[in-house]
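Down below is the structure, laid out as structure tokens.
The values are calculated or read from the model by the stated rules, or taken from the named source; none is laboratory data. Just so it is clear, the model here is predicted, and its values are computed rather than measured. Using ideal geometry, Cβ is built from the backbone for each residue, glycine included, and neighbour counts are taken over all protein chains shown. The area values use the complete protein model at the heavy-atom level, side chains included, leaving out ligands, DNA and RNA. Shrake-Rupley method; radii C 1.70, N 1.55, O 1.52, S 1.80 Å.
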Amino acid sequence: MSILYTCCVPHPPLIIPEVGKGEEKKIQDTIHSYHEVMKKVASFHPETIIIISPHNTSYIDYFNISEGAHAEGDFGQFRAKQVKITCDYDEEFVDALCHHTENSGVPAGTLGQRTKRLDHGTMIPLYFLNQYMTNYKVVRMGLSGLSYQDHYHLGQLIRKTADELNRKVVIIASGDLSHKLKESGPYGYASEGPKFDHKVIEALSHGNFLDLMTMDYGFCERAAECGLRSFIIMAGALDCLSVKPTFYSYEGPFGVGYGVVGFEIGEKDPTRNFGEQVKKYEEEKILTIRKAEDPYVRWARNVVESYVMNKTVPALPSKLPESMLKNRAGVFVSIKKDGQLRGCIGIFQPTTDNIALEIRNNAISASTRDPRFSPIINIELPKLIYSVDILGEVTPATYEELDSQKYGVIVKHHEKRGLLLPRLDGVDTVAEQIEIAARKAGIYDDEDIELFKFEVVRHY
């Protein structure tokens with residue numbers, strides 16, 4: 001077995017004494033756990049350390065794998081420039097892994113590296129590991145905005161590469177947990193924060209990686225999590241293998257969750273095929289959603305499928321509800337894939353004779369003309385989830401009259417105008433709603449604005 005051991009560790013900079021200057025004493029359990037888990041790593045005498053860091057170069061649709069022969073970094077951004085970390089990369093492993101990702105269709109490789117300097121998500125684990133061993137090489141990679149399944153698949157390819165090269169490998173999944181555990185913390189408090197940390201620690205402590213991969217994307221975003229995708233890549237490398245988890249510690253005194261868990265690896269276990277299990281789970285979930293679609297959403301989906309597959313604009317069906325054929329309103333069509341936005345286009349005032357035509361126009365635009373995304377292709381259609389927002393009357397509003405969960409907002413400065421719908425994941429306050437809408441319109445902080453509100457009927 002080429003993968004010898006794996007672990008999940010946090011990366012708070014103040015855990016380094018030269019950075020913490022005494023504050024690190026408040027997370028002594030984490031420091032002790034770090035030493036214990038790195039002693040364990042060193043006991044396997046690995047040739048290569050795979051480090052997965054959320055603070056390495058990351059893209060929405062691509063995994064960056066660091067290239068080159070050598071890298072270095074320091075803690076200068078944390079006022080401890082004297083603490084330096086260096087490492088040599090395993091170039092043979094990187095080349096072989098990139099070969100597998102290219103052949104398997106996983107969008108990963110060495111393109112787009114923004115800086116060659118090591119990030120703190122990489123340096124902190126190495127700082128502790130170097131106290132117990134130094135004769136190893138590193139493969140360093142970042143995360144992406146792609147699905148949990150894509151991260152898991154990348155982990156599977158890491159193991160395939162290790163096996164083919166007969167390389168002795170340890171995987172370190174670097175990542176903090178929620179950043180919203182306390183009002184006094186740097187990112188404030190969200191009720192999802194402690195719940196997220198409990199779920200993740202419970203799943204890791206029992207080796208139940210399926211629970212990690214079926215967590216709701218919106219819930220995770222509201223928790224302001226950091227390391228979940230690191231842990232899922234690690235889990236992919238353990239596909240169909242039994243594991244013996246060791247829970248070392250969990251702390252969150254500064255409002256950010258820090259967990260340490262290690263995994264000894266056992267024999268093959270075909271029941272732990274979590275990649276296949278989550279694929280089935282997602283298929284069943286989408287089937288359930290499709291069965292519950294109302295006519296508004298079903299029409300939007302039919303439009304997208306017809307246009308993407310056949311490049312044809314479908315005629316209006318004969319049996320649409322009267323409300324769609326006789327009423328006029330502004331309409332937004334939103335499309336999600338794997339919990340992530342895949343397209344959203346709409347207009348706040350009607351431009352056609354009825355709502356059905358507005359849905360058709362905006363469904364086509366959301367799937368093929370949203371400038372933030374590439375056009376949707378055939379293979380994606382089975383994974384897509386749709387919603388349709390029907391906008392009510394737009395009226396002037398004061399700040400006090402707004403409610404990010406009830407009203408959409410329009411922010412206007414002369415001819416510049418930005419709109420944001422209500423009840424969006426990660427947008428919890430009126431201030432956030434206004435700031436995002438203004439930014440979309442290119443309105444600056446020092447420019448006077450007018451505010452407008454509207455209600456929305458959302459169809460799923």
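A compact table of results
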{"quantity": "Top-ranked residue in the stretch 100-120 [being among the small types (G, A, S) and touching a Ser or Thr at 6+ places or on another chain (Cβ under 8 Å); ranked as nearest to D74 (Cα to Cα)]", "calculated": "G112"}
{"quantity": "Flag for G185 being closer than 25 Å to F263 by Cα and either of a type in the set (G, A, S) or touching a Leu at 6+ places or on another chain (Cβ under 6 Å) (or both)", "calculated": "no"}
{"quantity": "Qualifying residue in the stretch 203-223 (condition: assigned to a helix (DSSP H, G or I), of a type in the set (V, I, T) and open to solvent by 20 Å² or more (accessible area, probe 1.4 Å))", "calculated": "no"}
{"quantity": "The stretch 251-269, residues that are in contact with a His (Cβ under 9 Å, 6 or more places away or on another chain) and in a loop (DSSP other than H, G, I, E, B)", "calculated": "G255, V256, G257"}
{"quantity": "Single condition G121 does not satisfy, out of (1) over 23 Å from the mean Cα position of the chain (by Cα); (2) touching a residue at least 40 places away in the same chain (Cβ under 8 Å); (3) in a helix (DSSP H, G or I)", "calculated": "(1)"}
{"quantity": "The one condition in (1) outside any strand (DSSP E or B); (2) touching a helix residue (DSSP H, G or I) at 6+ places or on another chain (Cβ under 6 Å); (3) open to solvent by 60 Å² or more (accessible area, probe 1.4 Å); (4) not aromatic (F, W, Y) that G426 fails to fulfil", "calculated": "(3)"}
{"quantity": "Residues being in contact with a helix residue (DSSP H, G or I) (Cβ under 6 Å, 6 or more places away or on another chain) and open to solvent by 30 Å² or more (accessible area, probe 1.4 Å) - total across the stretch 252-274", "calculated": "1"}
{"quantity": "Contacts under 8 angstrom Cβ, first residue in the stretch 136-147 being closer than 25 Å to A69 by Cβ and in a loop (DSSP other than H, G, I, E, B), partner open to solvent by 10 Å² or more (accessible area, probe 1.4 Å) and of a type in the set (G, A, S), 6 or more apart", "calculated": "G142/S58; L143/S58"}
{"quantity": "Any hit, the stretch 50-64, residues being open to solvent by 30 Å² or more (accessible area, probe 1.4 Å) and farther than 17 Å from I233 by Cα", "calculated": "no"}
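Residue by residue, here is whether (1) assigned to a loop (DSSP other than H, G, I, E, B); (2) open to solvent by 60 Å² or more (accessible area, probe 1.4 Å) holds:
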position: A329; (1), (2): yes, no
position: I335; (1), (2): no, no
position: Q349; (1), (2): yes, yes
position: T352; (1), (2): yes, no
position: S367; (1), (2): no, no
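Conditions (1) assigned to a helix (DSSP H, G or I); (2) surrounded by 17 or more Cβ atoms within 10 Å (Cβ to Cβ); (3) of a type outside the set (A, V, I, L, M, F, W, C); (4) out of contact with any strand residue (DSSP E or B) (no Cβ under 6 Å at 6 or more places or on another chain), marked per residue:
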position	(1), (2), (3), (4)
D95	yes, no, yes, yes
H99	yes, no, yes, yes
K116	no, no, yes, no
T134	no, no, yes, yes
H151	yes, yes, yes, yes
A162	yes, yes, no, no
